[in-house]
1. Tell me which helices (runs of 4 or more DSSP H) are completely within the range 135-204 and hold 3 or more residues being within 28 Å of Glu123 (Cβ to Cβ), or say none if there are none.
2. Out of all the residues in the range 125-133, is one or more within 30 Å of Gly83 (Cβ to Cβ), among the hydroxyl-bearing types (Ser, Thr, Tyr) and either at pLDDT 90 or above or in a helix (DSSP H, G or I) (or both)?
3. Could you tell me whether any residue of the range 81-101 is acidic (Asp, Glu), part of a helix (DSSP H, G or I) and over 23 Å from Gly245 (Cα atoms)?
4. So which residues in the range 165-176 are surrounded by 19 or more Cβ atoms within 10 Å (Cβ to Cβ) and either among the hydrophobic types (A, V, I, L, M, F, W, C) or more than 17 Å from Asp147 (Cβ to Cβ) (or both), if there are any at all?
5. Looking only at residues that are open to solvent by less than 40 Å² (accessible area, probe 1.4 Å) and part of a loop (DSSP other than H, G, I, E, B) in the range 27-45, which one is farthest from Glu65 (Cα to Cα)?
6. Which of (1) in contact (Cβ under 8 Å) with a residue 24 or more places away in the chain; (2) acidic (Asp, Glu); (3) open to solvent by 70 Å² or more (accessible area, probe 1.4 Å) does Asp111 not meet, given it meets every other one?
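The values are calculated or read from the model by the stated rules, or taken from the named source; none is laboratory data. A quick note: this is a predicted structure, and the numbers were derived from the prediction, not measured. Cβ placement follows ideal geometry from the backbone for every residue including glycine, while neighbour counts extend to all protein chains displayed. Just so you know, the surface numbers come from the protein's heavy atoms only, side chains and all, with ligands and any DNA or RNA stripped out. Shrake-Rupley method; radii C 1.70, N 1.55, O 1.52, S 1.80 Å.
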Amino acid sequence: MRDKPYLTMHHNHDRRVSALPSQPLTGSDLHIWCASLNVSSQDLLYYRSILSDDEAGRAMRFVFEKDRNHFIVGRGLLRSLLGSYLDLEPAQVEFVYGPHGKPAIKLGPKDKVLEFNLSHSKELVLYAFNWDHKVGIDVEYIQSMPDMDNFAEQFFSPRETALINSLAGEQKEIAFFKIWTCKEAFLKANGSGLTQPLNAMEVSFEAGKVVTLSAIGGDKEQTARWHLEIFNPVSGYQAAFAVDGYAGEIFFQQLGQE
């Protein structure tokens, strides 16, 4: 387990991801991308044009225009990034889905697998990419929740719940979302979503941003395998990622940031 984070900042001002940044995705490295879901009407039309018929149909099922547009941008950016990594046109990327809805690439390189995951909250979207190591990412907008104590009692471990109950105000909200994003990132990496009990796993925070998995349903071997980190992609948001058997560097890249 590492004793310090390895997040390195890069910036790419091209919303359409015409080329990757100078740092390629190699070995066991992890790329994390951050972007706003609010784009120009021109970019929105572009992202709509590269969606599959199935994705376009899913977009049209959203009742509110803002939610529909955010879905289009989120999927369009995902296709653009995947196309860059796989040397494909974005519209050529094909997906398959796991039993709990986790997307994967239908056809990729024969000798390695491009693992990826995405998460969005409010107006922000995050993506994580890695070769051959399962990865999950989660982002949440930090906000007050009136039923936070009850929620923790139901879904957090006893020690995690005690921590939440010992805090108040902003400190309580920050701790809550640190725990929540870690749990969801891990479950998403496993492809199990929220089908696995949240209180079956427990996290503890070390100095810096590295997180320790204290328990996963009593499976000590599995806890030692995973690398988790927490970070704030932008002000007001809490995020975490989980990688299985990870031993590389992490590069955090922002799209469309001036």
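1. Details: elements: 148-155, 158-165, 169-189.
Per the criteria, 148-155, 169-189.
2. There is at least one residue in the range 125-133 that is within 30 Å of Gly83 (Cβ to Cβ), among the hydroxyl-bearing types (Ser, Thr, Tyr) and either at pLDDT 90 or above or in a helix (DSSP H, G or I) (or both).
3. To start, the set of residues in the range 81-101 that are acidic (Asp, Glu) comprises 87, 89, 94.
Then drop every residue that is not part of a helix (DSSP H, G or I), which leaves none.
For the range 81-101, residues acidic (Asp, Glu), part of a helix (DSSP H, G or I) and over 23 Å from Gly245 (Cα atoms): absent.
4. Ala175, Phe176 - these are the residues of the range 165-176 that are surrounded by 19 or more Cβ atoms within 10 Å (Cβ to Cβ) and either among the hydrophobic types (A, V, I, L, M, F, W, C) or more than 17 Å from Asp147 (Cβ to Cβ) (or both).
5. Ser28
6. Condition not satisfied by Asp111: (1).
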